[in-house]
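Read the structure below first, then the notes.
The values are calculated or read from the model by the stated rules, or taken from the named source; none is laboratory data. Model, not experiment: these values are computed from the prediction. Reconstructed Cβ throughout: ideal geometry from the backbone, glycine too, with neighbour counts over all protein chains shown. Side chains included, ligands, DNA and RNA excluded: accessible areas come from the protein's heavy atoms. Shrake-Rupley method; radii C 1.70, N 1.55, O 1.52, S 1.80 Å.
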Amino acid sequence: MKHVSGWEGLAAALAEPHALAGAVLTIGMFDGLHRGHQRILSAAARIARSAGLLRVHVGFEPHPDLLIQGRAPLALMADDELSLRMAAAGVEVWVNLNFTPELRETPWEVFVERLVDVTRARSIVLSPESALGRDRSGTLSRIRGWGASHGVQVHPVAEAMAGGAPIRSTRIREAIARGDLVEAARLLGRPYALTGVLKRGTVSLERGTVALPPSGMYRARIGAVGRLGGRLPLHGRLASIHLAADLDRCELLHPGLGLRPFEGGPVRLALLGSGDNP
């Protein structure tokens, strides 16, 4: 997968002959890559296979909420793991467009037309809550109408539901904040995981940027992080940890876990639930 930045990076990534057939687009932050995001990516994969199209995902950097609301939401996944999982889902080109005041104020028609022009998009896959452009006025129905008059198929994908409500990243953050890791895993489709640096039995997390459950004892699987261009994260070994949310660190409570090769380097902690019995 090519991970590029900006319009110029996107154009360069699509300059190769294999991109001439056109693309199927997905658009959004996809933070956490939860079950709803996975449903959209799966639909795009089916369309790409049937039509021989390139898979292109369009995200934004920084998170639009930083400009719109004054702060970005807490991360639900390490950047490298998100890249690995996007690649595993079949995304071939992932571009992050710079979310500037100018981009925020761009009319949705202008934004979509430029995307289609640069990517030669023949299909766009969207969820019902998709909203693009100035004042989020580029709704699914409007984009479908635009696509019908411009030869671009717009495919709606029904929202993934859980407990009678749509799965959203906000719900996952709320579940994590109250320590309900079972609910977070149900919404994500996998256990919620943290990434940090292991040193002398303590894993230091990136301060203030990731969603953390309350301080306390948790069961976890601890192992290697994924490698870009390589494998997804390994499952690791069962262990108990003490998470100090206010200090952004985890203390491993069971020594001898075979993690010595990772000393001083990154590890991944998949949180399985509360308790101190692995």
task: Only residues that are outside any strand (DSSP E or B), open to solvent by 60 Å² or more (accessible area, probe 1.4 Å) and touching a Ser or Thr at 6+ places or on another chain (Cβ under 9 Å): list them for region 201-226, please.
output: E206
task: Kindly indicate whether H63 is farther than 16 Å from M1 by Cα and surrounded by fewer than 20 Cβ atoms within 10 Å (Cβ to Cβ).
output: yes
query: Mind checking which residues of region 116-137 are open to solvent by less than 20 Å² (accessible area, probe 1.4 Å) and in a helix (DSSP H, G or I)?
result: T119
- prompt: Which of (1) free of Cβ contacts under 8 Å to residues at least 12 places away in the same chain; (2) within 30 Å of A148 (Cβ to Cβ); (3) not acidic (D, E) does Q69 not meet, given it meets every other one?
  reply: (2)
task: Only residues that are assigned to a helix (DSSP H, G or I), open to solvent by 40 Å² or more (accessible area, probe 1.4 Å) and not aliphatic (A, V, I, L, M): list them for region 37-60, please.
output: Q38, R39, S42, R46, R49, S50
task: List every residue pair whose Cβ atoms sit under 7 Å apart, with the two residues 6 or more apart in sequence or on different chains, where the first one lies in region 167-193 and is within 13 Å of A75 (Cα to Cα) and the second, anywhere, is open to solvent by less than 20 Å² (accessible area, probe 1.4 Å) and aromatic (F, W, Y).
output: I176/Y192
- line: Exactly one of V154, V112, V125 is touching a residue at least 40 places away in the same chain (Cβ under 8 Å) and among the aliphatic types (A, V, I, L, M), and that residue is V125
Selected residue (only one of L259, L243, L198, L194 is within 29 Å of E92 (Cβ to Cβ) and either surrounded by 14 or more Cβ atoms within 10 Å (Cβ to Cβ) or out of contact with any strand residue (DSSP E or B) (no Cβ under 6 Å at 6 or more places or on another chain) (or both)): L194
- prompt: Do we find that I47 is within 19 Å of the chain's Cα centre (by Cα) and among the β-branched types (V, I, T) in this structure?
  reply: no
query: When you go through (1) open to solvent by less than 30 Å² (accessible area, probe 1.4 Å); (2) modelled with pLDDT of 95 or more one by one for L84, which number turns out not to apply?
result: (2)
Those residues of region 152-170 which are open to solvent by 70 Å² or more (accessible area, probe 1.4 Å) and charged (D, E, K, R), in sequence order: R168
query: Here are S83, S141, S123, S149: which of them is closer than 22 Å to P17 by Cα and small (G, A, S)?
result: S123
- line: Residues of region 23-35 being open to solvent by 10 Å² or more (accessible area, probe 1.4 Å), of a type outside the set (V, I, T) and either under 12 Å from V91 (Cα atoms) or not in a loop (DSSP other than H, G, I, E, B) (or both), in sequence order, are R35
task: Would you be able to say whether some residue in region 142-151 is open to solvent by 20 Å² or more (accessible area, probe 1.4 Å), farther than 18 Å from G6 by Cα, assigned to a loop (DSSP other than H, G, I, E, B) and modelled with pLDDT of 95 or more?
output: yes
Region 201-221, residues that are among the hydroxyl-bearing types (S, T, Y) and without any contact (Cβ under 8 Å) to a residue 60 or more places away in the chain: T202, S204, S215, Y218
message: Restricting to region 89-108, give me the number of residues that are assigned to a loop (DSSP other than H, G, I, E, B) and over 23 Å from the mean Cα position of the chain (by Cα).
response: 3
